[in-house]
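In what follows, a structure is listed as structure tokens, so that the remarks can point back to it.
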Amino acid sequence: MYCGSCMRDNALAAALLAKGHHVTLAPLYTPTLTDEQNVSVDRVFFGGISIYLEQHAALFRHTPWMLDRLWDSRPALQAAARRSIPVDPKLLGELTVSILKGEEGFQRKEVQKLLRWLASEPRPEVVSLPYTLLISLARPIRRTLGRPVCCFLQGEDSFLEGLPEQYRSAALELIRANLDHVDAFLAVSEFYAEFMIRYLGIPAGKMHVAPLGINLEGCDPRPRPRSDVFTIGYFARVAPEKGLHVLCEAYRRLRERPDAPRCRLEAAGYLAPEHRAYLRGIEQQMQQWGFAEEFHYRGVLDRESKFRFLQSLDVMSVPAVFFEPKGISVLEAMANGTPVVEPRRGSFVEMLRKTGGGILVEPDDPGALAESLLEIWRNPALAAELSRKGAAGVREHYSAARMADRALEVFAGLRGAAAPRSAEVAQSR
């Protein structure tokens, strides 16, 4: 799948490289999949097959490292990944806790492999972890390299909250026990920084914000001719928490108005195996309402197709029913000149406040959502203003280059000096 966190990490690494810094982006579990140039190294640590085997069979916790290469190879991992195994926190409690135990967990051999590799490479000035689910690596990395360790915060609370209670409590306790071993935390939004200070008890002095940034290459915000069909779009993972069902209910209310224009609802994004029934239910509901011919699911889109899709929309909405910390697709829509309508919660509030590229509505309110969607159709001048402001705002506040600059400020502060002309950063992903 196209993982939002992987795409952010790759965009950050690529932006740092473009600025002349030395960056090593090391994939964990499986090879990363991005819709732009992948800058990660050609090796995977904590191979998904290995950690599974080590979790469930003691024999594999002691097999020779040379033998592990058979199932740690990219072909083996890619073959396993093609099976689209559900990443359901309800099924991953024991494994999550074991990983968070680090050198005391069943995957201690994988920690040793990573540390040996890091020690053999040119020593980085800073090491960056992608989220707190890998915070157990902070202490051994600091011990091995003698370098500061940062940890990004990108939405892991939703996974933690999905764990069965006994594992959730254990996982949170282990994360909090490792906070002292991290020198700085970087949240992807102001909202998430404040939330994680409360949620994990992170000291405020260690918290920084490196706002989400996207690669703007290929984005085209030029005005497009208005058609006689109002095209409403959704681009995100097709999952209950992302709120496609809320958008469909808003669409029904909009269509049932006597002054409604001709409409269609276009959706695209990754569909996990465990959520196929969710999409089928939406399709059946749209059919019962008489709108089956107006709803289309376009599947997973590559970068070029994604931008064409976003540029074809009159408005986009991802009415998430949780507190979204990132919202990459909303930034991508605005960067392509497409206005958005989003719930007044999570990172959407600061995102639209800074860019001016959309309308905020009451969360979980299909009626309010329908009214704001319709307002964009009724008022072409408003739509044009939102389009212009959104495209300019993303370029000013949410570019990958700006994200890299902010991260470098934090990295440089950890070195106790002004930002160097060239810095070495290792990112474990």
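May I ask you to work out the translational diffusion coefficient for region 1-145 at 25 °C, viscosity 0.890 mPa s, via Stokes-Einstein with Rh from the Kirkwood sum over Cα pairs, reported in whole µm²/s? If you can, show how the numbers build up before the last one.
Numbers: Rh = 16.2 Å.
The diffusion coefficient I find is 152 µm²/s.
Check which residues have an amide H placed less than 5 Å from LEU33's amide H, if you skip close sequence neighbours.
Residues meeting the criterion, in which the H sits 1.01 Å from N, are CYS3.
Between ASN336, LEU382, PRO319, whose Cα lies farthest towards the positive end of the dipole of region 230-397 when Lys and Arg beta carbons carry +1 and Asp and Glu beta carbons carry -1, centred on the Cα centre?
Of the options given, the answer is ASN336.
Please compute the length gained on full extension between TYR297 and SER120, using 0.36 nm multiplied by the number of residues separating them and subtracting their Cα-Cα distance. Each step should come with its number before you reach the end.
Details: separation 177, 0.36 × 177 = 63.72 nm, distance 4.75 nm.
Here the segment from TYR297 to SER120 would lengthen by 59.0 nm.
Sort largest first and round to whole Å: the equivalent ellipsoid semi-axes of region 101-200, each the square root of five times a Cα gyration tensor eigenvalue. Write down the numbers at each step before the final one.
On the way: eigenvalues 114, 61, 20 Å².
One finds semi-axes of 24, 17, 10 Å for region 101-200.
Fewest Cβ neighbours within 10 Å first, please rank VAL188, VAL394 accordingly. Intermediate results must be reported in sequence, preceding the final value.
Numbers: VAL188 25, VAL394 28.
Listed from fewest to most nearby Cβ atoms, that is VAL188, VAL394.
Once you charge only the Cβ atoms, +1 for Lys and Arg and -1 for Asp and Glu, what is the size of the charge dipole of the chain about its Cα centre, to the nearest 20 debye? Walk me through the intermediate numbers first.
Numbers: 54 positive and 52 negative charges, 180 e Å.
So the magnitude is around 860 debye.
Tell me, what HN-Hα J-couplings in whole Hz come from the Karplus equation 6.51 cos²θ - 1.76 cosθ + 1.60 at θ = phi - 60° for each residue of region 353-362, using x for Gly and Pro?
Those phi angles translate into 5, 6, 9, x, x, x, 10, 9, 10, 4 Hz.
Going by amide H atoms built from the backbone, whose H comes under 5 Å of the H on SER128, apart from near neighbours?
CYS150, ALA426, GLN427, SER428
Once you order the gyration tensor axes a ≥ b ≥ c over the Cα atoms, which shape class does region 293-402 get: rounded for a/c under 1.5, otherwise prolate or oblate by comparing a/b with b/c? Mind dumping the intermediate values first?
On the way: a/c = 1.20, a/b = 1.06, b/c = 1.13.
Since a/c stays below 1.5, the shape of region 293-402 is classed as rounded.
If each residue of separation counts as 0.36 nm, what is the full-extension length gain between GLU396 and ALA384 once their alpha-carbon separation is subtracted? Don't jump to the answer; show the numbers that get you there.
Numbers: separation 12, 0.36 × 12 = 4.32 nm, distance 1.84 nm.
Roughly 2.5 nm would be gained on extension.
Which of SER317, SER372 has the fewest other C-beta atoms within 10 Å, and how do the rest follow up to the most?
Lowest to highest Cβ neighbour count: SER372, SER317.
Taking 0.36 nm per intervening residue step and subtracting the Cα-Cα distance, what contour gain separates LEU91 from ALA260 on full extension? Provide the component values of the computation, followed by the final result.
Details: separation 169, 0.36 × 169 = 60.84 nm, distance 4.46 nm.
Gain on stretching LEU91 to ALA260: 56.4 nm.
Taking the radius of gyration and the Kirkwood hydrodynamic radius from Cα positions alone, what is the Rg/Rh ratio for the chain, to two decimal places? Intermediate results must be reported in sequence, preceding the final value.
Working: Rg = 22.2 Å, Rh = 22.7 Å.
Taking Rh as the inverse mean 1/r over Cα pairs, Rg/Rh reads 0.98.
Which pairs in the list LYS113/LYS206; LYS326/LYS354; LYS19/LYS206; LYS19/LYS306 are over 22 Å apart, alpha-carbon to alpha-carbon?
Working: LYS113/LYS206 29 Å; LYS326/LYS354 14 Å; LYS19/LYS206 26 Å; LYS19/LYS306 27 Å.
Distance filter (> 22 Å) returns LYS113/LYS206; LYS19/LYS206; LYS19/LYS306.
How far apart, in nm, are the 7 Å Cα→Cβ label points at GLN37 and ASP220?
About 2.2 nm, to one decimal.
So who's got an amide H within less than 5 Å of the one on VAL340, skipping anything under 5 residues away but keeping other chains? H placed 1.01 Å off N, in plane.
Here MET316, GLY358, ILE359 satisfy the definition.
Calculate one ³J(HN,Hα) per residue across region 13-21 by plugging θ = phi - 60° into the Karplus curve 6.51 cos²θ - 1.76 cosθ + 1.60, and present them in order as whole Hz with x for glycine and proline.
Result, ordered by residue: 4, 5, 5, 5, 4, 5, 8, x, 8 Hz.
Looking at the chain, which Cys residues are left with no other cysteine's beta carbon under 4.7 Å from theirs?
CYS150, CYS151, CYS219, CYS248, CYS263
Taking each pair of distinct Cα atoms in region 1-78 once, what is the resulting Kirkwood hydrodynamic radius in Å?
Details: mean 1/r = 0.0726 Å⁻¹.
Computed over region 1-78, the radius equals 13.8 Å.
Calculate one ³J(HN,Hα) per residue across region 113-128 by plugging θ = phi - 60° into the Karplus curve 6.51 cos²θ - 1.76 cosθ + 1.60, and present them in order as whole Hz with x for glycine and proline.
4, 5, 5, 5, 5, 4, 5, 8, 8, x, 5, x, 7, 9, 10, 10
Any read-out appearing in this document is the output of simple, stated calculations on the displayed coordinates, not a laboratory observation. Since we're looking at a predicted model, the values are computed, not measured. Heads up, the Cβs are rebuilt from the backbone with ideal geometry, glycines too, and the neighbour counts pull from every protein chain shown.
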